[in-house]
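The values are calculated or read from the model by the stated rules, or taken from the named source; none is laboratory data. The structure displayed is predicted, hence computed values, not measured ones. Note: ideal-geometry Cβ built from the backbone for every residue, glycine included; neighbour counts use all protein chains shown.
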Amino acid sequence: MTRFSIGGDVYGVQDASTSYSLTNPDSQTLRFEVQQGDHAWYDDSSVDRSEVSGATNIPGSTPIALNYQFMVEPNGPNGSFVNTASGWFIVGQMHNDDNASGVGTSPPFAIQLVGDHLQVVARYVQPGQDPSNGAGNVQMLTLWTDPNPIQTGVYNNIQIQADVSNTGGGYLKVSINGTQVVNYSGPLGYGQATNWEYGVYRSTAPETVAVDYRNMILLTGAAATSTQPTTPTQPTTPNVAPTVTQVSASPGTGTEHVGDVVTLTLGLSEAVTVNGTPTLSLNDGASATYVGGSGTNTLTFRTTVASTDTNTSALAITGVSLANGASITDSGGLAANLSGAVKTFSGLQISNTPIMPTQPTTPTVTQPVLSVADSSLWVAGRGGQVDLGTTLSTTDSNDKVSLNIKGLPKYETITTGDGTTFRGGDITLSSAQVASGLTLTSYYKGNAHPVATLTLTASATDPVTGAVASATPQTITVTDPRPSATSGSTTNQDHGLHHHLQWGSSTLAATVPQTTSLANYDTATGSQASHSFALLNQYLAGSSGRVDGGQIAAAISNGAAWMQNAFLTKPHH
């Protein structure tokens, strides 16, 4: 274990032995940094550690006085501090002498971070009890939690007075920046000696963190009590220049082409004031210009890739230029040390070749499918109805599908399943209306046999581009009303008589069923009709009783049945 002296006190180093774990920015400052997986040789992978530990144990019931300045460096967006350690994050602890206890223990008191809030905790057991965590005897006290997030890049003056004793006389007093936040009197610790440790000791977490300590003073015994209640003036040492503690790029990886913007951010150890327009020199021959951050500890620079830039496989900041009177200073006017701004961003490539825009893919539209069950229909006039028998389908669910029908005559309508009726020679129906079922109704009252040809065209429209695809038009012929079968032979005279009687009955008895309309009267069979009427007159003249419309209707309803047959088989004059 590496050992060194601070103010006459010997400390041992407990870290991962990397180049960044423990550094000494100046003679009064120690900087501790941990990345995930950094731990001392005796730790397991569940912890990250970079600490120094006092080599001398302080006996119990000994007054202790600590005074130091403490700062966390920004590691999050906009100069924030991010801490996702789920177990603990200790930045200063009075460590128990576990060799004397014979078991591992948690610190009798500690300064720690919960998220980005400072907290002070204390622990103790009653005399003679097992202090191991698993024994269940340890009493833990949360004595103070800062309601405000800790400020990054700003030193906090911390003063601690303590007497670690669980047999009487124990106390812990903590002041932050001159304000007392803890004043506890009571049992403290486990009845063993302790030693002071500080740095970073956390349950492992993914984010890199760094903390700085300066002007560490540790006093014990009478020297510790003589300092109370004096509060030293801060700062107690000459002003230290701000330093660059973090450098980042956005995007951090990938290839940037002509016109792309790269944002570079410098995090400093304290808030600084920027005058003029500093720039960052880059290895692609360009520079990044300062765009903001004065008054904070985070400065932002920006560069736009140009065709004149040099291609590079890893963009790098090679220096900071303070031309034309530009400056970066702290509140006291001391110029910042910007040497830490030099950094190479592995994986961030610069290409001076512009990206040709990709032609956007034009959404496609699919031709729908129209099915017609029967292309030749008939419908009776005066309200007769027939199902059109049409269906629509498509393989593209995004398309808007419709059906256009042309050629609908004035005496016909089309009604959808929801009761909506359409008229006119050019109508368009939605796919939902077609799916509900289409019924054609005829109101024809004439005596001809009109035939209408309906032209049906299914179309699909793309909702994005408006592109339209139509299926091949199909036709349906509608005969209105259904034509009657006729014959040139005169042998079926009672058929002609039946038609003629039905035509005549409509004026005599409204209750008689009409199975054939007026249009069924065929002038081509006029001679047959005249002959039938002559026979009818003879029949009626020869009948007994009063002849009225009901008798005629009865005769008509029987058609060519027994009355006609009986009448025609006997002689008449």
Members of the range 167-209 found to be under 19 Å from Ile90 (Cβ atoms), β-branched (Val, Ile, Thr) and assigned to a loop (DSSP other than H, G, I, E, B), listed by number: Thr204, Thr208
Unmet criterion (only one of (1) modelled with pLDDT of 90 or more; (2) in a loop (DSSP other than H, G, I, E, B)) for Thr477: (2)
Filtered residue count, the range 33-86, keeping only those that are under 24 Å from Glu270 (Cα atoms), aromatic (Phe, Trp, Tyr) and not in a strand (DSSP E or B): 1
Single condition Val154 does not satisfy, out of (1) over 16 Å from Asp9 (Cβ atoms); (2) crowded, with 16+ Cβ neighbours inside 10 Å; (3) among the aliphatic types (A, V, I, L, M): (2)
Residues (in contact with a Lys or Arg (Cβ under 9 Å, 6 or more places away or on another chain) and hydroxyl-bearing (Ser, Thr, Tyr)) located in the range 427-448: Ser430, Ser431, Ser442, Tyr443, Tyr444
Where Thr277 falls short, out of the listed (1) modelled with pLDDT under 95; (2) in contact with a strand residue (DSSP E or B) (Cβ under 7 Å, 6 or more places away or on another chain); (3) farther than 20 Å from Gly76 by Cβ; (4) of a type in the set (Val, Ile, Thr): (1)
Val272 being over 28 Å from Tyr155 (Cβ atoms) and either in contact with a Pro (Cβ under 6 Å, 6 or more places away or on another chain) or assigned by TED's automatic domain parsing to the domain that holds Gln151 (or both): no
Counted residues, the range 376-404 - those being closer than 27 Å to Ala460 by Cα and in contact with a Phe, Trp or Tyr (Cβ under 8 Å, 6 or more places away or on another chain): 1
Residue check for Thr428: surrounded by fewer than 15 Cβ atoms within 10 Å (Cβ to Cβ) and part of a strand (DSSP E or B): yes
Matching residues in the range 405-425 - criterion: being of a type in the set (D, E, K, R), over 19 Å from Leu392 (Cα atoms) and loosely packed, with under 14 Cβ neighbours inside 10 Å: Lys410, Arg423
Segments classed as strands (runs of 3 or more DSSP E), wholly inside the range 312-420, with at least 1 members that are aromatic (Phe, Trp, Tyr) and touching a His at 6+ places or on another chain (Cβ under 7 Å): none
Residue in the range 123-134 that is in contact (Cβ under 8 Å) with a residue 12 or more places away in the chain and either charged (D, E, K, R) or closer than 19 Å to Val200 by Cβ (or both) present: yes
